[in-house]
Amino acid sequence: MAQRLLIMGPQGVGKGTQAALLSKHYGIPAISTGDIFRYNLKNGTELGRQAQAYIDKGELVPDELTNRIVEDRLGMDDAKDGWILDGYPRSASQVEALDSMLDELGTPLSAVVALDADRDVLMERMKKRAEIEGRADDTPEVIAKRLDVYSKETEPLLATYEGRGLLVKVDGVGDIDAISKAIVSNLDRRG
């Protein structure tokens, strides 16, 4: 059965790592909104040029454009048999937009995987990641702000998906393979 999954959780919880493992397990693409943006910018697509205009001004790319970029990506051939979407939706309006896209494509969402971890664990992980990757923008203040934004804007979306019976909650702390097995076993039980 085709899996169409959202992977959600705060920064540093391991979404990208788990998305890659699920991608391999199910043979479907892991799609990160960051990667979609980079692809469109690098290849100078019409959507990429529109996004670049906002980025050049130091502004956030508006939802309407982000939605179009995501819709374009979900309509590509490699996503016909399923996908894992990481980094979208981030707001209630993006949930509505995704619902419309999936209705139009005739491809319902299979499940929403929510990874969770204590804030202290996340702060420590991201601090280490910043040191390893040499990311100067990952200061403790910036990390804390990102976690606050997630708590305020994105975390409430989990209740929407829980209300629809789509939410699969998994602890994002522990052995990477054990976390992956827990996700797969929860998804497989859903049928």
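The values are calculated or read from the model by the stated rules, or taken from the named source; none is laboratory data. A quick note: this is a predicted structure, and the numbers were derived from the prediction, not measured. In this analysis, Cβ positions are derived from the backbone assuming ideal geometry, glycine residues included, and neighbour counts consider all displayed protein chains.
Filtered by the rule that a residue be in a helix (DSSP H, G or I) and hydroxyl-bearing (S, T, Y), the stretch 36-52 gives a lone residue, Y39. Screening V173 on (1) over 18 Å from R4 (Cβ atoms); (2) under 17 Å from the mean Cα position of the chain (by Cα); (3) part of a loop (DSSP other than H, G, I, E, B) shows it passes everything except condition (2).
Restricting attention to the stretch 122-142, the residues that are in contact (Cβ under 8 Å) with a residue 60 or more places away in the chain and within 14 Å of P10 (Cα to Cα) total 4.
Looking at the stretch 121-167 only, could you name the residues that are part of a helix (DSSP H, G or I), in contact with a strand residue (DSSP E or B) (Cβ under 8 Å, 6 or more places away or on another chain) and not polar (S, T, N, Q)? Listed by number, the residues that qualify are L157, L158, Y161.
The set of residues in the stretch 151-170 that are at pLDDT 95 or above and either crowded, with 16+ Cβ neighbours inside 10 Å or within 19 Å of T17 (Cα to Cα) (or both) comprises L157, L158, T160, Y161, L166, L167, V168, K169, V170. Mind checking which residues of the stretch 57-75 are within 13 Å of M101 (Cα to Cα) and either without any contact (Cβ under 8 Å) to a residue 24 or more places away in the chain or in a loop (DSSP other than H, G, I, E, B) (or both)? Within the stretch 57-75, E64, R68, G75 meet the criteria. Looking only at the stretch 29-55, count every residue that is touching a residue at least 12 places away in the same chain (Cβ under 8 Å), under 13 Å from D86 (Cα atoms) and surrounded by 14 or more Cβ atoms within 10 Å (Cβ to Cβ) and tell me the total. Qualifying residue count, the stretch 29-55: 7.
When the stretch 10-39 is filtered for residues that are of a type in the set (S, T, Y) and within 11 Å of the chain's Cα centre (by Cα), the ones remaining, listed by number, are S32, T33.
For the stretch 76-95, check the following and say yes or no: at least one residue is basic (K, R), on the phi < 0 side of the Ramachandran plot, assigned to a loop (DSSP other than H, G, I, E, B) and surrounded by 17 or more Cβ atoms within 10 Å (Cβ to Cβ). Yes, there is a match, as at least one residue in the stretch 76-95 is basic (K, R), on the phi < 0 side of the Ramachandran plot, assigned to a loop (DSSP other than H, G, I, E, B) and surrounded by 17 or more Cβ atoms within 10 Å (Cβ to Cβ).
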